[in-house]
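Visitor: After the structure tokens below, expect a handful of questions from me.
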Amino acid sequence: MPINKSDFIWFDGAFVPWDEAKVHVLSHALHYGSSVFEGIRSYETSNGSAVFCLPQHVRRMFRSCKIYRMEIPFTQDEIAQAIADTVAKNNLPSCYIRPLVFRGYGQLGVEPRTCPVNVIIAAWEWGAYLGPEALEQGVDVGVSSWRRMAPDTTPAFAKVGGHYANSQLIRMEAAENGFDEGIALDIYGNVSEGSGENIFIVQDGVLYTPQLSSSILGGITRSCVMTLARDLGYEVKETVIPREQLYVSDEIFFTGTAAELTPIRSVDHIVIGAGRRGPITAQLQNEFFKIVSGEVPDRHHWLTPVQR
Ligand code: PPE
């Protein structure tokens, strides 16, 4: 997806003009995938922009860094403030925000700990992740021949740059097979997640989503959707999902910051439900978008207003 340039990028504590936010080609992260990132959205409400689940994203970023022994030279509060400042400084009503912590320029070789740790925060306008029609019409997906990582290889909990080598393979294969996205299985052959989204299944009025130990990223949208579904009285189960349950489910949808709630209308060319967005998916989307747009009260305190 093309990046819509904005004006400033926050770089190690100060704003620099967009075109001047540069790194050396021998930066560690470029060679070994040693970066941690977040994807966050800010939404336009009648009271200005509001960042969705800001503390949750910042917390996950620090946890990813802890697993990879990266010391962020800022506190969580400082990073949260810098994220809000980046939205304000660029005058963005609604946008996608990309904080990135990376091992920088200093030495090469796999042991990374003598490299400096740098932090940037960028924000720009970004529309629907899987295309403008996807949120209404749904997408066509295929089960990938690439699996998610085995539990003791790379830690799925951590949102680390290097893990997205796997995501890229899933996404490219899906595109070459004519699908909008792929669904990866875990090492045991059970459903894990999309290349950049978590997945939910609806069957007989119950929601199912893979448990954390199915090599998934613990998605923040996933948590919010579980909360909204329970608020609406649905039962939600985090469990092991065999591949074939996909084909016989009534509805399937992806969740993610970029994907928001995207319905899935077919898997491996097998039509899911009525082949379009299902009623429970629509109900959850509606709840979600009413909260993020400020149309209904933010009862779970998910929005952080941006001060201009
Ligand atoms: N799984 C993966 C592998 C993943 O990358 C994401 C987010 C999720 C699940 C959903 O997590 P959450 O955003 O907290 O609900 N993917 C981000 C990056 C996508 C990209 O193409 O870049 C995102 O949605 O921002």
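Visitor: Can you tell me how much longer the chain between ASP231 and GLN76 gets when fully stretched, taken as 0.36 nm per residue apart minus their C-alpha distance, in nm with one decimal? Present the calculation step by step, with values, prior to reporting the outcome.
Guide: Details: separation 155, 0.36 × 155 = 55.80 nm, distance 2.95 nm.
Contour length minus the Cα-Cα distance gives 52.8 nm.
Visitor: Just to compare against my own numbers: the Cα pair-distance distribution for the range 161-308, 10 Å bins, whole % per bin, please.
Guide: In order of increasing distance, the bins hold 11, 41, 34, 13, 2 percent.
Visitor: Quick one: Kirkwood hydrodynamic radius for the chain, alpha-carbon pairs, angstrom, one decimal? Don't skip to the end; give the middle numbers.
Guide: Values: mean 1/r = 0.0499 Å⁻¹.
Taking the inverse mean of 1/r over all distinct Cα pairs, the chain comes out at 20.0 Å.
Visitor: For LYS237, list the aspartates and glutamates whose Cα falls under 14 Å from its own Cα; do not include residues on the same chain fewer than 8 positions away.
Guide: Output for LYS237: ASP204.
Visitor: Out of the total accessible area of the range 49-137 (probe 1.4 Å, heavy atoms of protein only), what percent is carbon and sulfur?
Guide: Here carbon and sulfur together make up 50 percent of the probe-accessible area.
Visitor: Assuming 0.36 nm per residue, please report the length gained on full extension of the stretch VAL110 to ALA14 beyond their Cα-Cα distance. Don't skip to the answer; put the middle values down first.
Guide: Values: separation 96, 0.36 × 96 = 34.56 nm, distance 2.93 nm.
Net length gain for the segment: 31.6 nm.
Visitor: Now for a separate question. If I take all pairs of Cα atoms in the range 43-143, what percentage of them are more than 18 Å from each other? Show your work: numbers first, answer last.
Guide: Numbers: 2978 of 5050 pairs.
For the range 43-143, the share of Cα pairs beyond 18 Å comes to 59 percent.
Visitor: Turning to a different aspect of this structure: Would you mind getting me the FRET efficiency between MET172 and GLN211? Use the beta-carbon distance for r and R0 = 35 Å, nearest 0.05.
Guide: Numbers: r = 27 Å, r/R0 = 0.78.
Efficiency computed from Cβ-Cβ geometry: 0.80.
Visitor: Okay, next question. With Rg and the Kirkwood Rh both taken from Cα atoms, where does Rg over Rh land for the range 262-308? List each step's numbers first, then the result.
Guide: Working: Rg = 15.4 Å, Rh = 12.8 Å.
Rg divided by Rh gives 1.20.
Visitor: Same structure again: Which length gain, in nm to one decimal place, applies between ILE3 and ASP152 when the Cα-Cα distance is subtracted from 0.36 nm times their residue separation?
Guide: Details: separation 149, 0.36 × 149 = 53.64 nm, distance 3.46 nm.
Full-extension gain reported as 50.2 nm.
Visitor: Okay, moving on. Return the sequence-ordered ³J(HN,Hα) values of the range 299-304 in whole Hz as given by the Karplus equation 6.51 cos²θ - 1.76 cosθ + 1.60 applied to θ = phi - 60°, using x for Gly and Pro.
Guide: 5, 9, 6, 8, 10, 10
Visitor: Where is the GNM fluctuation largest for the chain (alpha-carbon springs, 10 angstrom cutoff): TRP124, TRP18, TRP146?
Guide: Residue with maximal mean-square fluctuation among TRP124, TRP18, TRP146: TRP18.
Visitor: On a straight-distance basis, which aspartates and glutamates could pair with LYS159 in a cross-link, Cα separation under 18 angstrom, same-chain partners fewer than 8 positions away excluded?
Guide: Partners found: GLU38, GLU71, ASP186, GLU193, GLU197, GLU260.
Visitor: Sticking with this structure for a sec: Calculate, axis by axis, the spread of Cα positions in the range 219-260 along the three principal axes, and write the results as whole Å, longest axis first.
Guide: Over the range 219-260, Cα extents along the principal axes are 26, 26, 17 Å.
Visitor: Residues in the range 143-177 near a label at ASP268, defined as backbone nitrogen under 13 Å from the 7 Å Cα→Cβ point?
Guide: 143-146
Visitor: Taking the Cβ of LYS5 as the centre, find all other residues whose Cβ is under 11 Å away and add up their charges (Lys, Arg: +1; Asp, Glu: -1).
Guide: Working: positive: none; negative: ASP7, ASP19, GLU125.
Its environment carries a net charge of -3.
Visitor: Starting from the range 1-86, pick out the trypsin sites (Lys or Arg not before Pro) whose DSSP state is loop and whose Cβ has at most 15 other Cβ atoms within 10 Å.
Guide: LYS5, LYS22, ARG69
Visitor: Further, regarding this structure: Beyond 19 Å, what share of the Cα-Cα pairs of the range 13-86 remains, rounded to the nearest whole percent? Each step should come with its number before you reach the end.
Guide: Working: 1326 of 2701 pairs.
Beyond 19 Å sits 49 percent of the P(r) for the range 13-86.
Visitor: What is the sum of charges around ASN166, taking Lys and Arg as +1, Asp and Glu as -1, for the other residues whose C-beta is under 9 Å from the C-beta of ASN166?
Guide: Summing Lys and Arg as +1 and Asp and Glu as -1 gives +2.
Visitor: Would you work out the charge dipole size for the chain about its Cα centre, treating the Cβ of every Lys and Arg as +1 and the Cβ of every Asp and Glu as -1, and quote it to the nearest 20 debye? Please report the intermediate quantities before stating the final value.
Guide: Numbers: 26 positive and 35 negative charges, 144 e Å.
Dipole size: approximately 700 debye.
Visitor: Let me ask something else about it. Pick out, in residue order, every one of the GluC sites (Glu not before Pro) in the range 94-142 that is DSSP loop and has at most 14 other C-beta atoms within 10 Å; say none if there are none.
Guide: Details: sites: GLU125, GLU133, GLU136; in loops: GLU125, GLU133.
Answer by residue number: GLU125, GLU133.
Visitor: What does the highest-first list of 249-260, 77-88 look like by mean Cβ count within 10 Å? Don't skip to the answer; put the middle values down first.
Guide: Working: 249-260: 23.6, 77-88: 19.3.
Ranking, from highest mean packing down: 249-260, 77-88.
Visitor: Where Rh is the Kirkwood radius over the Cα pairs of the range 1-52, the temperature 37 °C and the viscosity 0.692 mPa s, what D in µm²/s does Stokes-Einstein return? Before the final figure, lay out each step's value.
Guide: Numbers: Rh = 14.0 Å.
Estimated via Stokes-Einstein, D reaches 235 µm²/s.
The values are calculated or read from the model by the stated rules, or taken from the named source; none is laboratory data. Since this is a predicted model, take the numbers as computed values, not measurements. Please note: Cβ atoms are built from the backbone with ideal geometry, for glycine as well, and neighbour counts cover all protein chains shown. Calculation scope for accessible area: heavy atoms of the full protein, side chains included, ligands and nucleic acids excluded. Shrake-Rupley method; radii C 1.70, N 1.55, O 1.52, S 1.80 Å.
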